[in-house]
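A quick write-up on the structure given underneath.
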């Protein structure tokens, strides 16, 4: 019994330690795996004293976490899923804070003959007609949704084909799988640049207009989620979109290349 | 963190094992089967159950424990407790069958007999606790779900391995994995040494 009460005391102490001023940011694997948040959030914490706990999930899962009331702020990149999230009343204010771009990467041998091209639809048609191995995230993340939109635009339904391999994992896991299987994969540039296990993978298709990848921060609806820490979450959203956060975002680079481009021009309020 | 979880699991597991071994009641055999079935409990299921319980839209959301170390400890304890309970129960049951009647003849109540039985089975109990600790230490699925793998907060050795692998830092991941194996080996060795020396 003494052991039990001691354990309970430990449990309560651990719980109590989590009460300091801190917020939970549900975010995507791309901004976390690329090292962006690890570089910019300490600057915010130093300026405001607010600790930010990052849960790195795919966009779909991050929005679900917030819809359960388990996050104070979301940072995601899937315009369709975000619109649905806001329409359902979970989000009240969306700010665009950064953008980068997607690209197709794949083995140097270029089995689909698409290296150096800039047309996503043509590239997908070539991949599909050559049955070249392709890894897909399959995790309802922002990148996964963007890839699925491109297939749809190309009028191809690759689901179930044996060359189309659904790994159900994060961006890093998909890149690892593609490197191991000599397959092609659709990735955001931030994760690609900071990924350390490229092996034979190289950039194949870049520069299609539909490759723009926008990251938004969305504040949550306090009426639907009364437990959410609205005030510190608003501070982080404003910092990310403000001059200090934007400068920090623009300064994050990997191998001399900028990972994310700051872009706080647009504030979208539902109903306006 | 794994130590705290093991402590809780040991307290719960040994208490439950004692009751199951020494007290007969109608549903006892059902419970024994249930505990043994829980030995193979998939961690992701425990993770999911605790996630749903602790989520702000779940029944225990008001505790505000999701994505905290306490949530990880709770999930780990839930995974380790059946292991400790089943292993301790097995040896207690055997000694109770053997030594129960003479102890009763000497006038010992079940409550008085328990410390004697636990003392006799200290090696088995130590092994059970080590097995529970091993489960806590190596756990990744459940702690990832309820802890959220937050840097400096709920990131454990196992979830760091997952993260480093996903970032393509395979050397770092392997190094962390070796540290994990080292801790595990050290704890087992320590347990065995302790068992040989004092138990």
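For this structure, a couple of remarks:
- Mean residue ellipticity (222 nm) of chain A, computed from DSSP H runs ≥ 4 via -39,500 (n - 2.57), nearest 500: -12500 deg cm²/dmol
- Each of residue A:121 and residue B:110 was given a label point 7 Å from its Cα along the Cα-to-Cβ line. The distance between the two points is 7.6 nm.
- Listed residues A:176, A:221, A:157, most fluctuating in chain A (Gaussian network, C-alpha, under 10 Å): A:157
- Distance from the stretch B:137-199 to the stretch A:135-195 (C-alpha centre basis), Å: 30
- Spherically averaged projected area of the protein assembly as shown from its Cα convex hull (nm²): 26.5
- Packing here is the average count of other Cβ atoms within 10 Å per residue, and on that basis the peptides B:168-174, B:65-71, highest first, run B:65-71, B:168-174.
- Prolate/oblate/rounded label for the stretch A:101-211 (Cα gyration tensor, a/c 1.5): rounded
- The value of relative contact order for chain B, using C-alpha pairs under 8 Å at least six residues apart, is 28 percent.
- Chain B, helix-only ellipticity at 222 nm - DSSP H runs n ≥ 4, -39,500 (n - 2.57), divided by all residues, nearest 500: -26000 deg cm²/dmol
- Maximal additional length on extending the residue B:122-residue B:179 stretch stands at 17.6 nm, based on 0.36 nm per residue less the C-alpha distance.
- Rule-of-thumb Rg ratio for chain A [Cα; 2.2 N^0.38 Å; N residues]: 1.09
- Average beta carbon contacts from partner chains per residue of B:109-118, 10 Å cutoff: 0
- Per-residue shielding of A:68-74, expressed as the average number of other chain Cβ atoms within 10 Å of the residue Cβ, stands at 4.
- Considering only chain A, percent of DSSP beta bridges that pair antiparallel, nearest 5: 65
- Residue A:152/residue B:189 FRET efficiency (R0 56 Å; Cβ-Cβ; nearest 0.05): 0.45
- With a Förster radius of 35 Å applied to the C-beta separation of residue B:151 and residue A:162, the computed FRET efficiency comes to 0.35.
- Shielding by partners, peptide B:159-172 (average Cβ within 10 angstrom, other chains): 5
- The value of relative contact order for chain A, using C-alpha pairs under 8 Å at least six residues apart, is 29 percent.
- When the convex hull of its Cα atoms is viewed from all sides, the stretch B:2-197 shows a mean projected area of 13.2 nm².
- A Förster radius of 30 Å, combined with the Cβ-Cβ distance separating residue B:171 from residue A:92, puts the computed FRET efficiency at roughly 0.10.
Here, each number is a calculation from the coordinates, and none is a lab measurement. Just so you know, these numbers come straight off a predicted model, no measurement behind them. Positions of Cβ are generated from backbone atoms using ideal geometry, with glycine treated the same way; all protein chains shown enter the neighbour counts.
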